[in-house]
Amino acid sequence: INGERNPSEVYVSFRDAVLRILGISSGEIHDQDVPQSLEAEVEVERRKESSTDSALVKQVVGTDRLPAISIDAPKTADKPLRKGLPSFIWVIGGPGSNKAALCAQAVRSTPGWLHISIGEFFRTMASSNMIVNDAIVSGEMVPYDIVMQLVEQQILLNRDSDGIVIDGYPRDLNQVKKFETKFGQKPPLVLLDCSKLQLGRGRLDDSVSAFRKRLELFREVSLPMLKTLDSDNRLTIVRNK
């Protein structure tokens with residue numbers, strides 16, 4: 001692909017973005033130029049919409065739910081968990097954007113921090129869980145209840161760490177609000193911006209139809225969330241090309 005960046009360059013940019021976030025108090029992030037590939041879709045207009053973007057915080061993007069299942073979630077599922085928690089950084093990217101590998105590399109150079117890959121957990125669960133397996137095979141989102149149970153479980157298991165980089169979460173505004181209410185934090189988010197052709201090259205388990213569905217969902221569901229987080233100065237974009 002013309003203009004594609006070397007993976008090592010992408011990693012350096014990603015690592016620098018994470019370290020820059022860690023060096024800023026109150027979760028503030030320095031603005032970055034928004035890539036044209038996303039600017040047209042997210043319609044991020046920082047200079048023009050500062051007075052109207054706050055209304056998007058109230059927006060909730062819904063999705064049909066499949067039956068919930070137990071994954072040994074903590075008994076405190078309906079109660080806020082705010083004391084003694086580590087800091088968080090969210091990382092998302094389109095399907096196959098290599099976010100899990102980049103996150104794993106980044107935390108190695110950040111003592112006290114660890115990495116949780118939501119997608120990798122679900123791919124492991126798929127072998128014994130038909131609901132998760134069906135969602136992955138069809139390219140649909142895993143049901144909200146299962147996602148939140150997994151996130152809470154992993155945070156509680158690793159609450160003694162200094163910080164946690166979570167990749168593959170959140171996917172939409174609904175998940176953002178649930179996390180903020182549950183854990184009392186508003187983490188910054190790092191977006192790995194890739195072209196359509198680049199997306200999916202790192203994944204060998206996707207059928208063409210599942211990949212297209214997953215990419216469609218990412219653009220339809222996640223981009224409104226990105227616009228809202230950008231208006232709150234919580235979005236950092238790492239270009240992959």
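Restricted to region 166-241, the set of helices (runs of 4 or more DSSP H) holding at least 1 residues that are modelled with pLDDT of 90 or more and crowded, with 18+ Cβ neighbours inside 10 Å comprises 173-183, 223-231. Within region 111-126, is there a residue that is over 19 Å from Pro187 (Cα atoms), among the aliphatic types (A, V, I, L, M) and touching a helix residue (DSSP H, G or I) at 6+ places or on another chain (Cβ under 7 Å)? Among the residues of region 111-126, at least one is over 19 Å from Pro187 (Cα atoms), among the aliphatic types (A, V, I, L, M) and touching a helix residue (DSSP H, G or I) at 6+ places or on another chain (Cβ under 7 Å), which makes the answer yes. Among the candidates Val142, Val132, the residue that is in a loop (DSSP other than H, G, I, E, B) and surrounded by 19 or more Cβ atoms within 10 Å (Cβ to Cβ) is uniquely Val142.
Tallying residues that are of a type in the set (Asp, Glu) and at pLDDT below 90 within region 99-135 yields 0.
Here's the yes/no breakdown for (1) outside any strand (DSSP E or B); (2) free of Cβ contacts under 8 Å to residues at least 40 places away in the same chain:
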residue	(1), (2)
Gly84	yes, no
Val91	no, no
Val107	yes, no
Pro111	yes, no
Ser127	yes, yes
Val147	yes, yes
Leu150	yes, no
Ile155	yes, no
Arg159	yes, no
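The values are calculated or read from the model by the stated rules, or taken from the named source; none is laboratory data. Predicted, not measured: the structure shown is a model, and the values here were computed from it. As a convention, Cβ positions derive from the backbone with ideal geometry for all residues, glycine included, and neighbour counts pool all protein chains shown.
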